[in-house]
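Coordinate-derived values only; no laboratory data. Every value quoted in this text rests on a predicted model; they were computed, and no experiment measured them. Cβ atoms come from the backbone with ideal geometry, glycine included; neighbour counts cover every protein chain shown.
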Amino acid sequence: MDALEINTVLKVKGLCKSFRDMVVLEDISFELKENENLVVLGKSGSGKSVLIKCIIGLLEFEKGSIEILEKLTAGITKSKWNELRSNIGFLFQNNALYDSMSVKENLEFPLRRAKIKYTDTELQEKVREALSDVQLEHTLNMMPNELSGGMKKRIALARTLILKPKIIFYDEPTSGLDPITSREIIELMNSIKKKYKTSAVIISHDMHCVKKTGDKIMLLWDGKCKAIGTYEDFEKSKEKEIVSFFIKE
């Protein structure tokens, strides 16, 4: 196996997905490398969320293949999927914190469900490390309703990080946040990538987030991959679909 294949953590090839007669994804192909961020850009209804759901096994697809960490996902057993998902983190747009659990309990939740059984001391250490990564050590015993929107996003990210995933999926990480908090989340995403060498797929409409986090950008348009390139490539493009994302009102 050559170095290029070893360096690929996610490979999507010829992916097609339909709902009855409606084609949502058509012949989508791309690769994600170690320590690389790919931003998936596209207008509402372009297939971004469906793409992510197909990748992580929440939706079946008709054609093509998906390979995660050198393992093809089609037809694998539930236990093999669980193994793969232990290396995958997901930051939901709405944060998905459990309202009835404290910050500590929210962060412990994925650890208690993991295959490895941790001691109470190990749980405590991992929770504190995750909170330190997002600079919110003081929130350990707080409840979600006591947190600001930005703090909830950071705690959700801490919970995503706690199992040290190799790939993180971010769903609109700066949506609904004020400009200052958005910049803080972007800086945090970049610092996490640098510290843990993670790869990421980022869905975002926030062009500042796209510019600051994306090593590569893929534009989905009407279910097709319209373009893949760097932010600079997109900025220079004359394609009307790409230009539309750079127009300021």
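Taking a span of 30 Å or more along the helix axis (Cα atoms) and a mean Kyte-Doolittle hydropathy of at least 1.0 as the rule, no DSSP H helix of the chain qualifies. Once a ≥ b ≥ c are taken as the square roots of the eigenvalues of the Cα gyration tensor of the range 1-98, is the result rounded (a/c under 1.5), prolate (a/b larger than b/c) or oblate (a/b not larger than b/c)? Rounded is the answer for the range 1-98, as its axis ratio a/c remains below 1.5.
Need one word for the chain: rounded, prolate or oblate. Basis is the Cα gyration tensor (sqrt eigenvalues a ≥ b ≥ c); a/c below 1.5 gives rounded, then a/b vs b/c decides. Oblate. In terms of distances greater than 23 angstrom between alpha carbons, the cross-link table entries 11/78; 115/194; 17/48; 193/238 yield 115/194; 193/238.
Seen from every direction in turn and averaged, the convex hull around the alpha carbons of the range 170-249 projects onto 5.9 nm².
What shape does the range 44-176 have by the C-alpha gyration tensor, where a ≥ b ≥ c are the square roots of the eigenvalues, rounded means a/c under 1.5, and otherwise prolate means a/b greater than b/c and oblate the rest? Since a/c reaches 1.5 but b/c is at least a/b, the shape of the range 44-176 is classed as oblate. As a length-normalised measure over Cα pairs under 8 Å and 6 or more apart, the relative contact order of the chain settles at 26 percent. For the range 148-238, the dipole from Cβ point charges (+1 on Lys and Arg, -1 on Asp and Glu) about the Cα centre works out to 440 debye, to the nearest 20. Each Cα pair under 8 Å and six or more residues apart adds its separation to the average, and for the range 184-247 the resulting relative contact order is 22 percent. Looking at the chain, the DSSP beta bridges with both ends there are about 55 percent antiparallel.
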